[in-house]
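Below is one structure, written out as structure tokens, with a few remarks after it.
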Amino acid sequence: MATWIVLGVVAVLLAAGWAYHTANRLDRLNVRVDLARQSLYASLDRRAVVVRAIAAEQASSDESANRELVALADRAERSGPEAREDAENAVSAALARTSAHGRSHALVIELADAETRVMMARRFYNDAVRDTRALAERRLVRWLRLGGRASPPSYFEIIERVTPGRGE
């Protein structure tokens with residue numbers, strides 16, 4: 001009889017230890033998602049600054065297109081998380097409609113660097129989201145509500161690079 005009690009206590013302690021470890025891991029993954037989101041937004045903000053610089057440099061050409069670029073970059077920076085993807089896709093599409101031939105070499109390099117950083121930050125963010133969702137969607141984790149009541153993070157999908165003439 002005493003053996004069964006000891007085994008029961010050990011089983012409860014093991015289950016509690018697993019739950020604690022899993023909840024702690026889920027918390028760390030959520031922190032990783034938050035940090036990756038901050039990095040992604042910083043990269044997107046940097047790209048918006050480069051887009052404004054391109055519009056300012058091409059001020060003598062199509063003025064309405066330059067105003068559109070600036071307005072879209074402003075909208076993208078001010079958008080909330082739920083509207084940011086669409087705003088960034090609009091910036092990418094508008095940027096693809098502009099001619100790269102009139103840009104200075106420094107801005108071409110700066111834009112390529114900013115787009116590469118956006119691409120990498122988006123991939124890091126989506127990797128963190130994938131890992132978090134994989135753990136949070138496990139049956140026992142959901143049943144025990146180890147992730148609290150928060151909804152799982154969502155992926156960030158944007159057009160990385162749009163080549164003119166290939167559609168949007």
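Values for this structure:
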| quantity | calculated |
| --- | --- |
| Residue match in region 14-22 (condition: touching a Phe, Trp or Tyr at 6+ places or on another chain (Cβ under 6 Å), small (Gly, Ala, Ser) and under 30 Å from residue 139 (Cβ atoms)) | no |
| Sole residue being of a type outside the set (Val, Ile, Thr) and over 22 Å from residue 88 (Cβ atoms), chosen from 145, 117, 122 | 145 |
| Within region 68-120, considering residues that are within 16 Å of the chain's Cα centre (by Cα) and of a type in the set (Lys, Arg), the one nearest to residue 52 (Cα to Cα) | 78 |
| Failed criterion for residue 42 (all others in (1) open to solvent by 50 Å² or more (accessible area, probe 1.4 Å); (2) over 12 Å from the mean Cα position of the chain (by Cα); (3) under 18 Å from residue 122 (Cβ atoms) hold) | (2) |
| Inter-residue pairs, beta-carbon under 7 Å, first open to solvent by less than 70 Å² (accessible area, probe 1.4 Å) and in region 96-111, second charged (D, E, K, R) and not in a loop (DSSP other than H, G, I, E, B), 6+ apart | 103/57; 104/57; 107/57 |
| Residue that is modelled with the highest pLDDT [pool: residues in region 125-168 that are open to solvent by 30 Å² or more (accessible area, probe 1.4 Å) and among the aromatic types (Phe, Trp, Tyr)] | 155 |
| Pairs with Cβ under 6 Å, 6+ apart, first in region 148-163 and more than 16 Å from residue 115 (Cβ to Cβ), second open to solvent by less than 80 Å² (accessible area, probe 1.4 Å) and at pLDDT 85 or above | 152/133; 152/136; 153/33; 153/129; 153/132; 155/126; 155/129 |
| Residue check, residue 151 polar (S, T, N, Q) and in contact with a helix residue (DSSP H, G or I) (Cβ under 7 Å, 6 or more places away or on another chain) | no |
| Whichever residue in region 16-39 is open to solvent by less than 60 Å² (accessible area, probe 1.4 Å) and of a type outside the set (S, T, N, Q) and, among such residues, is farthest from residue 121 (Cα to Cα) | 16 |
| The listed residue being touching a Pro at 6+ places or on another chain (Cβ under 7 Å) and either within 30 Å of residue 16 (Cα to Cα) or among the hydroxyl-bearing types (Ser, Thr, Tyr) (or both), out of 136, 150, 128, 96 | 136 |
| Qualifying position, being in contact with a helix residue (DSSP H, G or I) (Cβ under 7 Å, 6 or more places away or on another chain), closer than 22 Å to residue 145 by Cα and charged (D, E, K, R), among 32, 46, 28 | 32 |
| Boolean, residue 27 is closer than 29 Å to residue 92 by Cβ, in a helix (DSSP H, G or I), of a type in the set (Asp, Glu) and at pLDDT 90 or above | no |
| Residue match in region 70-78 (condition: on the phi > 0 side of the Ramachandran plot and either touching a residue at least 12 places away in the same chain (Cβ under 8 Å) or open to solvent by less than 70 Å² (accessible area, probe 1.4 Å) (or both)) | no |
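The values are calculated or read from the model by the stated rules, or taken from the named source; none is laboratory data. Remember, it's a predicted structure, so these values are computed and weren't measured experimentally. Every residue, glycine as well, gets a Cβ built from its backbone with ideal geometry; the counts of neighbours run over all protein chains shown. Note: accessible area is taken over every heavy atom of the protein model, side chains too, but ligands, DNA and RNA are not part of it. Shrake-Rupley method; radii C 1.70, N 1.55, O 1.52, S 1.80 Å.
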